[in-house]
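A.B. asks: Once you've had a glance at the structure underneath, I'll fire off some questions.
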Amino acid sequence: MAVSVRQRLEQDEARLAPYALRAESATRRYALDDEGRAFDYRTSFQRDRDRIVYSRAFRRLRQKAQSGILPAYEDHRRNRLTHTLEVSQLARTIGRALGLNEDLIEAVALGHDLGQPPFGPAGAGALHDLLSGALDGRGGPGLGDLGGFDGSWQALRVVDRLEKRYGHPGLNLTDAVREGILKCGAPLAWPPDDPPGLRHGLAPPFESQAVSVADRVAEALHDLDDGLQSGTIAVEAVERLKAVSELRRKLGARWRPKAGRFVKANAIHRGLIHLFVTDVIVASQARLRAWAERHGVKTPRSFERVRDTALAGGEIASSPACVALLADLAGFLEARVRRGFAADRLDGRGRRVVLGLVSAYLADPTLLEPHVLLRFKEAAGVRYLRDLPRSAVGAEGLRYASDPRFARVVADYVAGMTDAFAVTEHARLLEMGAIPIPSVEQLHRERS
C-alpha cells in the first residue's frame, strides 16, 4: 500500500528529540470528517494550525492592541496579530534547535492570544472584575462570582466552543494544542468548567513552554522597539539598560555609537532577539540533556511513561542571568511605556468601554446581535428573545439578566470585539442613552 503524505510526515518526526510530542498519537474530541477528500497531506498539528489561521478570532487580532487602544492612523505599531506572528517565529526557532515538534509549537503560538479582549490588559481586567463579582458595570455591588475572566481560559473557549465552522462546536483541535494554548499563558487558576483532555494539574509539555518563553521575549522586545521607533523613549535611555550594555559588550567595535536613532533602534532590536533566543536555546539544551538522563528518556515510548510525573515546568527557559536582564527591561518598559499619562488615559477609556457595553447588554438584551441571543438560547434552553411578542420581552429579558450563563455569553461577545468595533458600539449605545454617563463616585469606586 502506498504511504500517504501524512504518514510520511509522521514518519519524518522520528528525527525529533525523544521528549517531543508526536502528531501520530494526537487525540481530539470529535472524529474528523474527510468530507470526501481523496488525499491526506497534513499531520494533526498542521491541520490544527490551518484551522486556527482560518478562524474569525484569528483575523480579529489585527485590530486588537497589545495594550491601550489601537489607533486607526497607526501603520507601524504592533498589534495582537503581529505579536502572535513574532511569538510563532521565535518559538519555532527555539523548538527547532531543541528538537521539539515545530508544527505543534506553531499551532499553539498562533492560537495563544485568541481569547484576548479589546484594549489589552485594561479590557481583561474589566471583564475579570465583572465576572468575579467585584463590579456590575454600573457602580453596584457586583454580579456575583461567575468564575472571573482569564485570557488563556478565553482562548480555550474560543477554540472549543465559540468558533463556528463545522457541524460541532469549536474547531475540534487536538488535545495537545488545546493544552498548550491554555498552559502557555500561565492561567491564574484552572478553568471553572474543568475542560476534558488537558491533563489537569500537570506541567505543560516542552512545546508549550517554548511558546511561553517566546511570548515573554517577544512582548518585551516589540514594546521596546515600538517605543524607540516612535520616539516615545530616547535611545540614550535604552543604551543604559543592562541588556543593551551586554549587547554592546558582545558587539565590541561593531557597535556604532554615532549612528542615528533609526539605525540604532534596529540594531538593538535584532541584537537583543539574538541574545535572548540564543540564551534560551543554550540554557534549555543543558536542562533537557540533564532531565532526559535523570529520567531515563531515550525513546518516545520511555518519554510517554514518565511524562505525567517527570515534567516540572520551566525546563525551557532563559538562564538566571538573562532572566535578570529581562526583568530590568520589563521594569524600564513599565515605567516609560506602559504607564504614564497617555497610557493611563487609554487604559481608562478602554476599561470604561468594556464596563459600559456589558452593563448595557445585561440591562437590555435586545441591544445584542441575533447570533448572541441564539447562542444563549442554545446554552440555556430559553426562548429566543426575537420570537417573543413585545409584551413578553421585558419579563424574559429579566430572566436572561439573572442567569449567570447569560453574563458569560455577553462577556464572550465583548471579548471577541476588536478595539474599533467596541469603541464604535459604545459610542452608539451612549448616544442612545443605553449607557449612563458614570458619576465621579462610581469612577472612583471602580478604580479602587
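The values are calculated or read from the model by the stated rules, or taken from the named source; none is laboratory data. Remember, predicted model here, so these are calculated numbers, not experimental data. Positions of Cβ are generated from backbone atoms using ideal geometry, with glycine treated the same way; all protein chains shown enter the neighbour counts.
A.B. asks: Could you say whether any residue in the range 383-403 is under 22 Å from LEU114 (Cβ atoms) and either free of Cβ contacts under 8 Å to residues at least 60 places away in the same chain or in contact with a helix residue (DSSP H, G or I) (Cβ under 6 Å, 6 or more places away or on another chain) (or both)?
C.D. replies: Initially, the range 383-403 is screened for residues under 22 Å from LEU114 (Cβ atoms), giving none.
Checking the range 383-403: not a single residue is under 22 Å from LEU114 (Cβ atoms) and either free of Cβ contacts under 8 Å to residues at least 60 places away in the same chain or in contact with a helix residue (DSSP H, G or I) (Cβ under 6 Å, 6 or more places away or on another chain) (or both).
A.B. asks: Go over the candidates PRO187, PRO169, PRO195 one by one and state the one that is out of contact with any Lys or Arg (no Cβ under 9 Å at 6 or more places or on another chain) and either surrounded by fewer than 20 Cβ atoms within 10 Å (Cβ to Cβ) or without any contact (Cβ under 8 Å) to a residue 40 or more places away in the chain (or both).
C.D. replies: On the way: PRO169 fails: out of contact with any Lys or Arg (no Cβ under 9 Å at 6 or more places or on another chain); PRO195 fails: out of contact with any Lys or Arg (no Cβ under 9 Å at 6 or more places or on another chain).
Exactly one residue qualifies, and that residue is PRO187.
A.B. asks: Being charged (D, E, K, R), touching a strand residue (DSSP E or B) at 6+ places or on another chain (Cβ under 8 Å) and modelled with pLDDT under 95, is that true of even one residue in the range 17-28?
C.D. replies: The answer is yes, given that some residue of the range 17-28 is charged (D, E, K, R), touching a strand residue (DSSP E or B) at 6+ places or on another chain (Cβ under 8 Å) and modelled with pLDDT under 95.
A.B. asks: Please list, ordered by first then second residue, the pairs with beta carbon atoms under 6 Å, 6 or more apart or interchain, first in the range 407-419 and aromatic (Phe, Trp, Tyr), second at pLDDT below 95.
C.D. replies: Listed pairs, sorted by first residue: TYR413/VAL372.
A.B. asks: Okay, next question. Surrounded by 17 or more Cβ atoms within 10 Å (Cβ to Cβ), more than 30 Å from the chain's Cα centre (by Cα) and modelled with pLDDT of 90 or more: is that true of HIS222 in this structure?
C.D. replies: Details: surrounded by 17 or more Cβ atoms within 10 Å (Cβ to Cβ): yes; more than 30 Å from the chain's Cα centre (by Cα): no; modelled with pLDDT of 90 or more: yes.
Judged against the criteria, HIS222 is not a match.
A.B. asks: Name the residues in the range 323-341 that are free of Cβ contacts under 8 Å to residues at least 60 places away in the same chain and of a type outside the set (D, E, K, R), would you? I'd like the intermediate steps shown before the answer.
C.D. replies: Taking the range 323-341 first, the residues free of Cβ contacts under 8 Å to residues at least 60 places away in the same chain are 323, 327, 331, 334-335, 339-341.
Passing the criteria: VAL323, ALA327, GLY331, ALA335, GLY340, PHE341.
A.B. asks: Just checking, how many residues over the range 363-382 are in contact (Cβ under 8 Å) with a residue 24 or more places away in the chain, over 27 Å from the mean Cα position of the chain (by Cα) and not in a helix (DSSP H, G or I)?
C.D. replies: 1
A.B. asks: If you don't mind, there's one more thing I want to ask. Hey, any hits in the range 28-48 for a residue that's under 19 Å from ILE94 (Cα atoms), of a type in the set (A, V, I, L, M, F, W, C) and without any contact (Cβ under 8 Å) to a residue 24 or more places away in the chain?
C.D. replies: no
A.B. asks: For the list (1) more than 22 Å from ASP160 (Cα to Cα); (2) assigned by TED's automatic domain parsing to the domain that holds LEU110, I need the number of the one condition that LEU224 fails.
C.D. replies: That leaves (2) as the condition not met.
A.B. asks: Can you work out which of the residues in the range 305-344 that are under 21 Å from LEU202 (Cα atoms) and among the charged types (D, E, K, R) is surrounded by the most Cβ atoms within 10 Å (Cβ to Cβ)?
C.D. replies: By that ranking, first place goes to GLU315.
A.B. asks: Right, here's the next one. If you go through the range 272-304, how many residues are exposed (fewer than 14 other Cβ atoms within 10 Å of the Cβ), of a type in the set (Lys, Arg) and within 31 Å of the chain's Cα centre (by Cα)?
C.D. replies: Number satisfying all stated conditions: 1.
A.B. asks: For THR43, are the conditions met, namely being modelled with pLDDT of 90 or more and closer than 30 Å to GLU293 by Cα?
C.D. replies: Numbers: modelled with pLDDT of 90 or more: yes; closer than 30 Å to GLU293 by Cα: yes.
For THR43, the condition - modelled with pLDDT of 90 or more and closer than 30 Å to GLU293 by Cα - is met.
A.B. asks: Also, quick follow-up: Pull out all pairs, ordered by first then second residue, where Cβ-Cβ is under 6 Å, the residues are six or more apart or on different chains, the first lies in the range 239-259 and is over 25 Å from PRO320 (Cα atoms), and the second is part of a helix (DSSP H, G or I) and of a type in the set (Lys, Arg).
C.D. replies: TRP255/ARG248
A.B. asks: Looking at the range 164-219, which of its residues are of a type in the set (Lys, Arg), more than 30 Å from LEU275 (Cα to Cα) and under 16 Å from the mean Cα position of the chain (by Cα)? Even if it seems obvious, please write down each step before you answer.
C.D. replies: Taking the range 164-219 and keeping what is of a type in the set (Lys, Arg), we get 164-165, 178, 183, 199, 216.
Checking the rest, the ones that are also more than 30 Å from LEU275 (Cα to Cα) come to 164-165, 178, 199.
ARG178, the sole residue that qualifies.
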